[in-house]
1. Out of the residues in segment A:792-804 that are surrounded by 13 or more Cβ atoms within 10 Å (Cβ to Cβ) and more than 9 Å from RNA strand B (Cβ to nearest atom), which is nearest to A:Gln749 (Cα to Cα)?
2. Residue pairs, Cβ under 9 Å, 6 or more apart or interchain, first in segment A:610-621 and farther than 15 Å from A:Val65 by Cα and surrounded by fewer than 17 Cβ atoms within 10 Å (Cβ to Cβ), second modelled with pLDDT under 90 and among the basic types (Lys, Arg). List them.
3. Yes or no: segment A:340-348 includes at least one residue that is among the aliphatic types (A, V, I, L, M) and either surrounded by fewer than 21 Cβ atoms within 10 Å (Cβ to Cβ) or modelled with pLDDT under 90 (or both).
4. Filter segment A:531-568 for residues that are among the polar types (S, T, N, Q) and within 16 Å of RNA strand B (Cβ to nearest atom) and give the result.
5. Could you list, in sequence order, all residues of segment A:557-567 that are buried (at least 17 other Cβ atoms within 10 Å of the Cβ) and either farther than 21 Å from A:Leu519 by Cα or of a type in the set (Asp, Glu) (or both)?
6. Looking at (1) aliphatic (A, V, I, L, M); (2) more than 30 Å from A:Asn425 (Cα to Cα); (3) out of contact with any strand residue (DSSP E or B) (no Cβ under 9 Å at 6 or more places or on another chain), which is the only condition A:Met51 fails?
7. Can we say A:Ser618 is in a loop (DSSP other than H, G, I, E, B), over 30 Å from A:Met1 (Cβ atoms), near RNA strand B (Cβ under 7 Å from one of its atoms) and among the hydroxyl-bearing types (Ser, Thr, Tyr)?
8. Counting only residues that are within 13 Å of RNA strand B (Cβ to nearest atom) and of a type in the set (D, E, K, R), how many does segment A:761-785 have?
Amino acid sequence: MKYNFSEIEKKWQDRWDAEGAFRAADPGEAGSEKKKFYALVEFPYPSGAGMHVGHIKAYSGLEVVSRKRRMEGYNVMFPMGFDAFGLPTENYAIKTGMHPRAVTDKNIEKFTSQLRRVGFAFDWNRVVDTTEEDYYKWTQWIFLKMFEAGLAFRDTALVNYCPSCKVVLSNEDSQGGKCDICHSDIIQKSKDVWYLRITEYADKLLFGLDGVDYLPNIKQQQVNWIGRSEGAFVNFTLTGKEDKLRIYTTRPDTLFGVTFMVMAPEHPLIDKYADSINNMADIEAYRTECAKKTEFERTQLVKEKTGVRIDGLTAINPINGKEIPIYIADYVMMGYGTGAIMAVPAHDTRDFEFARKFGIDVIEVIKGGDIEKEAYTGDGEVVNSGFLNGYNNKKDSIRRAIEELQKLGTGEGGVQYKMKDWAFNRQRYWGEPIPIVHCPHCGMVPVPYEELPLRLPNMTEFAPGQGGESPLARIEEYVNCTCPKCGKPAKRETDTMPQWAGSSWYFLRYIDPKNNDALADRAKLDYWLPVDWYNGGMEHVTRHMIYSRFWHKFLYDIGAVPTAEPYAKRTAQGLILGPDGDKMSKSKGNVVDPNDVVNEFGADVLRTYILFMGDYGSAAPWSESSVKGCKRFLDRVADLYDIAKGSGATAELESAFHKTIKKVSEDYEAMKFNTAIAALMGLINDIFDHGSLTRDELSVFIKLLCPVAPHLCEEINEKLGNKKLLSLSEWPTYDEAKTIDSTVEIAVQVNGKLRGTIMLPVDCPKDDAIAAAMADERVAAAIEGKTVIKQIAVPNKIVNIVVK
RNA sequence: GCGCCCGUGGCGGAAUUGGCAGACGCGCAAGAUUUAGGAUCUUGUGUUAAUUCGUGCAGGUUCAAGUCCUGUUGGGCGCACCA
């Protein structure tokens, strides 16, 4: 058969479209009685550059699984959409003068046509676009629900700020402590920021992982990101002051080893007691120095400890009444714990370095190391610690210490997380407007639900304002409004939501994309949730995955969705590297454009190669010549049609078919696409060796290959005289008995070295196998003149004869 | 620094519970076909004089180790002064 890919690919894409082949049936519709399968892939950001081969790989995995499941009789939903708010589009718009709306529409159109050309079996009736009013209406709705629940709030925080440009900069725009635009020094400035209180959900996000089927490394990364630690809060009296200095520690059992305290430079108690501090000038100088450092410098460039002793403030150790000095140092962060620590130099590396530099006492309280040389952080017997002396086990001594603190009323057990609250506003145009009104009388007032969506006003200049404020702040008719509560003049919030907002719930909207009354109909949510299988990149395992799990859990708590977890299963694909083995990038010039491959070899070849190139979860370099190998394979598949006349299969080929059906069925489910395709290549080699196959056998072959190379397989199917789409036909089944050969080749080893192979009937008794092995010529030669000590026979696998 | 993962031919990569290492593909070689090139087809292809040696390196467990254990080295990813 002639394989004219460009002709047949277009033809079948149109047919699938015309027949609505991949439309998912909603509850109540015909087809919904089948078992549902909701397969989700991460929707793309529609950049102007168009699709990347990485996109194809990301979608191909579940494309194959969902096509197979459909053929197995599932009601499959495999949707696609666009995560279209964001900076690149806005920057492009600023540069070209086009409106971001127009840029987005253009890019979505481009992506859509590229995705269609690859032949993905998406349900195109369910497309969502996060920038459409009907969509972001519900993003805003969720925000307001969070606001009502106290989970969205405003607070002041330190941000990177360029005093010369008067703009707030992201960490990326302020690397090295210099402004990316004018190269002047960046300072840390307090600014009002919107937060979502994700920390409130830390435990739910952590413990929810027990009930989901994510790849182990994905779970591990989420666990690390949440960063739960157990310890204690301890209140140290400030000598002669009313306030207590509250600290967090994971080792309250080392309290007797505390020789100083450290506060973060920004700690509020410093200002409160400025009058009592004798060296306030030194402290201010140190603070200014710290404020210059970006978050990057402060955390990444670990170097010598710095700090200043606070002259005039001391603390009292509640456990032994000792008076100890207090320092400020930037190795203590305001953003973690309480912004102050008790320092135990004998058993903490950082405290040890600091104590060495400032000549502070080091008191050993846990035996096991040499505290003259370095901090000992291991376990051991507690010493020099009063009532804690003699404990040998961290768990017990910590428990005892917490009990004692509670008795004294000066501390208690507590939990801390590395995860921080989610800074949720951006001073940009191309994002969802935050639906809040600032009223001088009523404070922050939510825009009433019935007024959603709060639309992005039309404008032509999108560059951020000079003072670091959103471009929306320049539109007076947008900013000036009336308070929904008291009706008096008020001002609208002008910040927008970050990129991560729209993608935090898109999988819910696919379920009911056109609903005007709810984010999705409840009966449909009940039917489709949870997402059965979600695949995407490792880079989204922490941010996007955690954010969306958070939103979903919140929606669950307010009764808006039926499941506590959004995704039942999560996998990740590996990167496609450039032919040189480096990450693909424009600057290296090693980017492969999927369109070129489709033009030259066809979409089926592109799909086959991407799935065949290596383990789906691992990174693998692109190879032009291997692409040609896949082309050769599909050419041979087309040739199968010409020899599909054979009458009756040989037993040999029949068994090969049954084995392949089994292997391919299992491998697709396990995302082992490379070995599934290898098995089909092996089978086609067997078929050509045999010289012919039956039409039924060809039919089985193309069904197995259909999820990978659907256009070619549909074409062959039609040539075979079938009117029904192959994509909607039944998945082949196999007979387990026929996958087992009647005879097997058994390896025979002598002292663990291979000495020959023998053919034996399947499940041959051990004694017979050993006898047959002993009778083998080469084996006999190898054991000649030696004593047989042991004979091991593993049925259908191996015989090993141990001799001396 | 901490956590996780990975080192297999010239290359990409296969190898259930430990059980014939190198499936499948690329590349390469020889032959066929072709005016030539390209394409296609056939055969061969870890290494060795060998029944040898072979899964980063060094040990160990085992009748048997790519697979399990210990150490080490090289690479990747994540987190990172987290108290």
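The values are calculated or read from the model by the stated rules, or taken from the named source; none is laboratory data. Worth saying up front: this structure is predicted, and the values here are computed from it rather than measured. Because the Cβ atoms are built from the backbone with ideal geometry, glycine has one as well, and the counts that use them run over all protein chains shown.
1. The selected residue is A:Val803.
2. A:Ala619/A:Lys583
3. Checked against the condition, which is being among the aliphatic types (A, V, I, L, M) and either surrounded by fewer than 21 Cβ atoms within 10 Å (Cβ to Cβ) or modelled with pLDDT under 90 (or both), segment A:340-348 yields no hits at all.
4. Listed by number, the list holds a single entry, A:Thr542.
5. Of everything in segment A:557-567, just one residue is buried (at least 17 other Cβ atoms within 10 Å of the Cβ) and either farther than 21 Å from A:Leu519 by Cα or of a type in the set (Asp, Glu) (or both), namely A:Glu565.
6. (2)
7. On the way: in a loop (DSSP other than H, G, I, E, B): yes; over 30 Å from A:Met1 (Cβ atoms): yes; near RNA strand B (Cβ under 7 Å from one of its atoms): yes; among the hydroxyl-bearing types (Ser, Thr, Tyr): yes.
In short, yes.
8. 5
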